[in-house]
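The values are calculated or read from the model by the stated rules, or taken from the named source; none is laboratory data. Values in this document were obtained by computation on a predicted structure and should not be read as measured data. Because the Cβ atoms are built from the backbone with ideal geometry, glycine has one as well, and the counts that use them run over all protein chains shown.
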Amino acid sequence: MSDVSGELERATSVEQVNQVLRTAARRALRAHGATVVLLDGEQCYYADEDSMSPLWKGQRFPAASCISGWAMLHRETVVIPDILVDERIPQAAYRPTFVRSLLMAPILHPDAIGAIGAYWAVGHLATPAEVAALEALAAQAGAAFDRFPEGIPARGIFG
């Protein structure tokens, strides 16, 4: 993922950072989808996605009731091998999608400003190497977003 660092350094906007992040996450994890979520006050804004079918790009959800918000609030990476049995998953939002398992890492720099997620259409328990890869990408994201503070929504309730 060293080429990702260079791509992030060459990015000239938040949108380009989002594109690099979601593409790198999907490719590195061989996931069926990846998303970049930014904290916008008390809302999670699904800013970008690279997915086998549309998910939530452009939508906002209350941070207190979505899994990306949970990752940011708890400052923890979330590994969910089966979304149908995890009480943190809003079933009504996920049921109509292809998503069956996920990995979500908060972007903390130093406060929660977002999250990067990867999704699979099948049951998938993320390996320690996959968790480490997504967490490394989230750490790089924090530094990349620092270059564009005007493009990042207000830090909100977690900051």
Legend entry - Set Ala105, Ala63, Ala47, Ala34: member being over 19 Å from Phe145 (Cα atoms) and of a type in the set (Gly, Ala, Ser): Ala63
Legend entry - Restricting region 2-18 to residues that are closer than 16 Å to Gln140 by Cβ and in contact with a strand residue (DSSP E or B) (Cβ under 9 Å, 6 or more places away or on another chain), the residue that is surrounded by the fewest Cβ atoms within 10 Å (Cβ to Cβ): Val14
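Residue-wise test of (1) over 11 Å from the mean Cα position of the chain (by Cα); (2) buried (at least 18 other Cβ atoms within 10 Å of the Cβ); (3) of a type outside the set (Ser, Thr, Tyr).
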| site | (1), (2), (3) |
| --- | --- |
| Val20 | yes, yes, yes |
| Ala24 | yes, yes, yes |
| His32 | yes, yes, yes |
| Tyr45 | no, yes, no |
| Met52 | yes, no, yes |
Inset, instruction - May I ask you to say which residue of Gly123, Gly142 is within 20 Å of Glu42 (Cα to Cα) and either free of Cβ contacts under 8 Å to residues at least 60 places away in the same chain or in contact with a strand residue (DSSP E or B) (Cβ under 6 Å, 6 or more places away or on another chain) (or both)? - result: Gly142
Legend entry - Index of the failed condition, Ala71 passing every other in (1) assigned to a helix (DSSP H, G or I); (2) out of contact with any strand residue (DSSP E or B) (no Cβ under 6 Å at 6 or more places or on another chain): (2)
Inset, instruction - Considering every residue within region 75-87, establish whether at least one is in a helix (DSSP H, G or I) and either surrounded by fewer than 20 Cβ atoms within 10 Å (Cβ to Cβ) or aromatic (Phe, Trp, Tyr) (or both). - result: yes
Inset, instruction - Could you give me the residue pairs with C-beta distances under 7 Å whose first residue belongs to region 60-79 and is without any contact (Cβ under 8 Å) to a residue 24 or more places away in the chain, whose second residue is outside any helix (DSSP H, G or I) and of a type in the set (S, T, N, Q) wherever it lies, and which are 6+ apart or on separate chains? - result: Arg60/Gln43; Pro62/Gln43
Inset, instruction - Out of Ala47, Ala31, report the one residue that is in a loop (DSSP other than H, G, I, E, B), within 20 Å of Thr77 (Cα to Cα) and either modelled with pLDDT under 95 or not basic (Lys, Arg) (or both). - result: Ala31
Inset, instruction - Quick one: in region 88-101, of everything that is closer than 17 Å to Ala63 by Cα and under 17 Å from the mean Cα position of the chain (by Cα), which residue is surrounded by the fewest Cβ atoms within 10 Å (Cβ to Cβ)? - result: Pro90
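Could you tell me which residue of region 102-129 is farthest from the chain's Cα centre (by Cα), considering only residues that are assigned to a loop (DSSP other than H, G, I, E, B) and among the small types (Gly, Ala, Ser)? Can you show your working first?
Step one: of region 102-129, the residues assigned to a loop (DSSP other than H, G, I, E, B) are 109-111, 121-127.
From what is left, the residues that are among the small types (Gly, Ala, Ser) are 121, 123, 126.
On the way: Ala121: 17, Gly123: 19, Ala126: 15 Å.
Across region 102-129, the extreme among qualifying residues is Gly123.
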